Amino acid sequence: MLDTNLTDVSLCLFAAVFAVVVVFNKNPVVAAFSLLLMFIGFGGIYFRLGSVFLTTIQILVYAGAIAILFVFVLMLMNLEETKTFIPTKNFSLFAGIVAILAMFGILTIIIFNNTDYLATDKLPEVSMNTLFTKLFETYLVPFELSTLLLLGATVAVVFISKKRIPQ
Amino acid sequence: MSLFPFVVFSVISLSIGLVLILISNILGTKPKTKRLHDIYESGMDPVGSATKRYDIKFYLTAILFLLFDVEIVFLFPWALSYQSSSIKPLMLAEFVFFMFVLIVGYLFVLLSKSLDWEE
Amino acid sequence: MMIYYYLACFIFALGLVGTLIKKDLISILLCIELMLTSVNLFFALFSKSLGSADAQLQVFFTIIIAAAEGAIGISMIMALFRKIKSAYPDDILIYSE
Amino acid sequence: MLDEFLEILIKTVVILAIPLGSIPLILQMERRGAAWIQKRVGPNRVGPYGLFQPLADVFKFLFKEEVVPSHVKKFFYIIAPILSLLMALLPLAGLPLCAPFFIGDQKVYPEVFRSGLGIFYVFAATALGPYGILLAGWASNNKFSMLGALRACAQMISYELAISTTIVAIFFIYGSSDLHVMVEKQNESLYGIIPAWGVFLQPVGCVLFLVGIFAESNRLPFDLAEGESELVAGYHVEYSSMKFALFYMAEYVHMIILSTLFVTIFFGGYGLLPGMGFVVENLPSSIYFLQAISLISKVAIMMWFFVWVRWSIPRFRYDQLMNLGWKTLLPIGLVNLLVTVIVIYLRSN
């Protein structure tokens, strides 16, 4: 599992570059499009990891629906480019420090807690069938509850956007 | 499993478009008048910006699509695993409940007139 | 394999920075999606490392939450935008005073 | 490694050449067909029966004056048609042209990208279709383009829902997402007489899918994205010369892909046409070739159907279109799914 090859590196670079564009770009529409490309890159990563169905969901839901929603709304809203980011120098410094802390925090937790499992290679692949069986047997209740969550979201969306707000 | 075939395929497809545009760029005549570069608006001078705000229905459609799409995508694994499942009655019950919630959501959206385009 | 852990950390940190420095609500929402995706990647990686299906199933539920969050978030932003013609939190503060 | 690369390259070229090469033929068929339906003559000047007309069009596109308007976002304006064509071509990598065959004792799959995802791959790749259009509309910085792109996108995503419900029902019936498995199951026969095509197992789903592909590919009667009387030409109003041609190609490739998917799911895919069994008995090695011919002729019939509908049914109004998608097709799809599942459950007990 430690054998990182060219595919992994290029996939990571692809995703990382577009993630950087999402954050450090002045034009929100460009940011939304790079978010889309990053999602597609993540689909590739899931494919490399052998979780094929995650790739499907990643592309269908994230790239096919969520990213479309963002692009749509940004096109409808026409935000000004100059107002999107970086207020002051001090604030950026603060944000940078927070980011570095966060990154190293997560890494230390992962690496120094238990490195054994990161190196194992001979584990069986999780097949699509075991995954689905588990979803519909062990995770039955969360699965059904998630539909209720979506129902709630639908109701909320309809109410929020229906209400005519007086000018 | 390898992503290699996919990469080859997309690079070739991408290069088809690129090459065609390049060729037409080289062969095509260059425009002679300035007026050609104006916004196309039936010969009038355009008024206002193109990215003004459009009808709110468009984004409502996109949001509702997102919500229903997620629900329907989660039916895919169900449909694929039903045949090989050992507990078919339970699976059916799950499905019926799922569809019930989905249809209730749909009816709510329908009755709230969010889907009406004519006003 | 390890490189994906680095990537996930990096993207999570980027999302965090984005939520702090971006000034309009939709971009902030974009950055939150960024963080959610990186968490998904973590789950997928754990699933691979531990050879278990549970972590992958968490991704399914995270995706549902991300979808619901995106939908509600965007409709709230649009409602605000229609009311005060702006999508910047600073303006909302001014408006509420 | 080199062998593998060569194999991928050959498959890619073949899979890309067939649809791209047939676009001129389809165009000619469409023009002459339109003329025939409307009792006109149609293009008949270039070459015998006007057969070289598409070729002349290609040259015209290549030598046409290239206009890049001054107000566009230039980078995105130029990559939008390229991306559009790319997104349209991507699903091709997962579509099978014939059954898997053997070279020596190595099993070779006809798809370029054998991902284990089957139809999911095709479906996910088609879900990316709206982006090229949205990018074009936004980059053109023109009201007509923008409105056309928004309309096209809203329409495509609405009908995608109806198509998804059908695909769930299809998965349920075949129990697999692999297109080869689907075709194999359709080559069995129902009650010994009729082939077990998807259209007989899922008649309602078939109609839903058919309407869906018309809307997804933005064809008449659903071409509201470019309704001439309202939006001049929709999202590609600012595009000229080869860039416009790329959008045109993307639209036709989209049609071809969706028809292939439709035919593979509902009409036996590359299963042999009646009468071909005789040839296979005498010449067993020709079977893969004949399978490809069968698939292509089925898709060609679909293409003619597109033309036929185009000149027979008037354009919808936009609200009618959205109502059809959300208030008619989606509930029918959901009920169809529910009925299918319950009927199959009751029959298996």
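Only the coordinates and a few stated rules stand behind these numbers; no lab work does. Since the model is a prediction, treat every value here as computed from it, not as a measurement. Every residue, glycine among them, receives a Cβ derived from its backbone with ideal geometry; neighbour counts consider all protein chains shown.
Among the trypsin sites (Lys or Arg not before Pro) in segment D:19-51, those located in a DSSP loop and surrounded by at most 12 other Cβ atoms within 10 Å of their own Cβ are D:Lys39, D:Arg40, D:Arg45. Taking amide H as placed 1.01 Å from N in the peptide plane, D:Phe101 has its amide H under 5 Å from the amide H of D:Val108, each at least 5 places away in sequence or on another chain. Which FRET efficiency value, to the nearest 0.05, do you get for A:Leu148 and D:Phe59 by plugging their Cβ-Cβ distance into 1/(1 + (r/R0)^6) with R0 = 51 Å? Efficiency computed from Cβ-Cβ geometry: 0.25.
Note on the protein assembly as shown: with charges restricted to the Cβ of Lys and Arg (+1) and Asp and Glu (-1), its dipole about the Cα centre is near 1780 debye. Between D:Pro48, D:Pro331, D:Pro100, the GNM of chain D built on Cα springs shorter than 10 angstrom shows D:Pro48 fluctuating the most.
The GNM of chain D, with springs linking C-alpha atoms under 10 angstrom apart, assigns the highest mean-square fluctuation among D:Ala35, D:Ala152, D:Ala250 to D:Ala35. From least to most packed, judged by other beta carbons within 10 angstrom and beginning with the fewest, D:Leu89, A:Leu148, A:Leu140 follow the order A:Leu148, A:Leu140, D:Leu89.
GNM remark for chain C: springs join alpha carbons under 10 Å apart, and the peak mean-square fluctuation among C:Gly18, C:Gly51, C:Gly70 falls on C:Gly51. Segment B:72-119 and segment A:1-78 have their alpha-carbon centroids 28 Å apart.
A simple spin-label model places the labels of D:Trp304 and D:Ser285 3.3 nm from each other, with each point 7 Å out along Cα-to-Cβ.
Partners of B:Lys32 within straight-line reach, counting lysines whose Cα lies under 24 Å from its Cα and excluding those fewer than 8 residues away in the same chain: D:Lys60, D:Lys64, D:Lys73, D:Lys74, D:Lys243.
Annotation note: chymotrypsin sites (Phe, Trp or Tyr not before Pro) in segment D:122-216 located in DSSP loop regions with a Cβ neighbour count of at most 12 within 10 Å are D:Tyr191.
Please state, to two decimals, what the Cα-based radius of gyration of segment D:62-348 comes to when divided by 2.2 N^0.38 Å (N = residues).
On the way: Rg = 20.5 Å, N = 287, 2.2 N^0.38 = 18.9 Å.
Normalised Rg, Cα atoms only: 1.08.
Can you flag which of A:Lys162/C:Lys22; C:Lys22/C:Lys83; D:Lys39/D:Lys143; A:Lys26/D:Lys143; D:Lys11/D:Lys185 are past 30 Å Cα-Cα?
Working: A:Lys162/C:Lys22 28 Å; C:Lys22/C:Lys83 21 Å; D:Lys39/D:Lys143 37 Å; A:Lys26/D:Lys143 23 Å; D:Lys11/D:Lys185 25 Å.
Listed pairs above 30 Å: D:Lys39/D:Lys143.
Pairs of Cα atoms under 8 Å, at least six residues apart: use those to get the relative contact order of chain D, whole percent. Intermediate results must be reported in sequence, preceding the final value.
Values: 456 pairs, mean separation 76.7, N = 349.
Relative contact order of chain D: 22 percent.
Of the residues B:Ser114, D:Phe209, D:Ala34, the one whose Cα sits farthest toward the positive end of the charge dipole of the protein assembly as shown, with +1 on the Cβ of Lys and Arg and -1 on the Cβ of Asp and Glu, is D:Ala34. Rounded to the nearest 0.05, what FRET efficiency do D:Phe101 and B:Val7 give with R0 = 22 Å and r taken as the Cβ-Cβ distance? Could you check? It comes to 0.35.
Under the combined filter of DSSP loop state and at most 16 neighbouring Cβ atoms within 10 Å, segment D:30-109 retains these GluC sites (Glu not before Pro): D:Glu65. Neighbours of D:Tyr109, meaning other residues whose beta-carbon lies under 11 angstrom from its beta-carbon, give a summed charge of 0 when Lys and Arg score +1 and Asp and Glu score -1. Set against the 2.2 N^0.38 Å expectation for a compact globular protein, segment C:2-96 has a Cα radius of gyration ratio of 1.31.
Would you work out if the protein assembly as shown is rounded, prolate or oblate? Take a ≥ b ≥ c from the square roots of the eigenvalues of the alpha-carbon gyration tensor; rounded if a/c is under 1.5, else prolate when a/b is larger than b/c, oblate otherwise. Mind showing how you got there, number by number?
Values: a/c = 1.37, a/b = 1.08, b/c = 1.27.
It comes out rounded by the Cα gyration axes.
Set the Förster distance to 35 Å, then compute FRET efficiency between D:Val335 and D:Ile37 from the Cβ-Cβ distance, nearest 0.05. FRET efficiency, D:Val335 to D:Ile37: 0.50.
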